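First comes the structure, then the notes that go with it.
Every number in this text was worked out from the coordinates using simple rules, so none of it is lab data. The structure presented is a predicted model; accordingly, all values stated were derived computationally and were not measured. Don't worry about glycine lacking a Cβ; one is built from the backbone with ideal geometry, like all the others, and counts go over all protein chains shown.
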Amino acid sequence: MAEFGVPELKAVRDAMVADGRVRNQVNRRVSMVRSFVRWCVEERLAPAVVLTELKAVRPLAAGRGGVREGPARGPADPMAVEAVLPHLPPAPRAVVALLRLTGARPSEVLSLRPCDVDRSGAVWAFTPARHKSSWRGRPRVIQLGPGAQAILAPWLAGCRADEPVFSPRRSEQARADARRPGRSTPRAAARGKDRYTARLLAQALRRACRRAGVPGMSPYQLRHLRATELRAAYGLETVRAVLGHTFQAMSDHYSKAADAGLAARAMSEAG
């Protein structure tokens, strides 16, 4: 590890660029290498000077180094989301609708358990047991208004306090009950699965997009859509509070789409 320095890290980066990886992915993987080296330093498997040197390697900038850019991923089309919902199984449909309303991360909603939701107030408070910044000791509370409550309430009924609310098993049971009231045996494919993963959710959403005849979208584009709407209606500080960002710069990432709408509206009235 002591022999791994700036030239070696740049060589790894150049190999990724030559392999055709896009800039954001290259920068992310270089950051992962540095994180591994940081762990090695912490465990005294490498001298601290190695990490100090690697920190000098700056991320690849747009349009430089011969690296290609990945396609820009904007917010989901709200009309497309509405078109997709009827083509989703019951649990993914509820999850997508909640992501659309709350701007939560997919992993947060997929991990939801009844014991994580405080229903004592007019607005319910969902506190995920684990979230992106939980390792830093930062709290994360997702507020659930009337619309989100209406979606979630049927799924909370009959669910154990510590059981994941959304699972393939419960989704198939809900679909079977809708087709044949009183049926108690879900499809064999769903048995034994106690929760949806982000991968399963993304797969279900892609299939539903194809069936609905709309462009494909990812679960995170629902978060982007909600952030864009909140930015236009309430401003960046509200986006930061709702999405759980620590830095305003993260919330500002969602400003481009909202700013275009705000500028168009202003010029239609004043231009």
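Classify the stretch 1-128 as rounded, prolate or oblate from the Cα gyration tensor: take a ≥ b ≥ c as the square roots of its eigenvalues, call it rounded if a/c is under 1.5, otherwise prolate when a/b beats b/c and oblate if not.
Oblate, since a/c reaches 1.5 and b/c is not below a/b.
Arrange the peptides 201-209, 139-147 so that the one whose residues have, on average, the most other Cβ atoms within 10 Å appears first.
Per-residue mean Cβ counts within 10 Å order the peptides as 201-209, 139-147.
Which part of the stretch 1-20 falls in the paramagnetic zone of VAL49, meaning amide N under 20 Å from the point 7 Å along Cα-to-beta-carbon?
Zone members listed by number: 1-10.
Give the residues of the stretch 99-121 whose amide nitrogen is closer than 16 Å to a point set 7 Å from the Cα of ALA241 in the direction of its Cβ.
Answer for this model: 102-103.
Could you give the length gained on full extension between ARG199 and VAL17, defined as 0.36 nm per residue of separation minus the Cα-Cα distance, in nm?
Roughly 62.9 nm would be gained on extension.
In nm, to one decimal, how far is the modelled label at ALA153 from the one at TYR234, with both set 7 Å along Cα→Cβ?
2.2
Find the centroid of the Cα atoms in the stretch 27-53 and in the stretch 1-25, then give the distance between the two in whole Å.
The two parts, judged by their Cα centres, are 14 Å apart.
Go through 153-163, 105-115, 30-40 and give me the packing order, highest mean Cβ count within 10 Å leading.
Result, highest mean first: 105-115, 30-40, 153-163.
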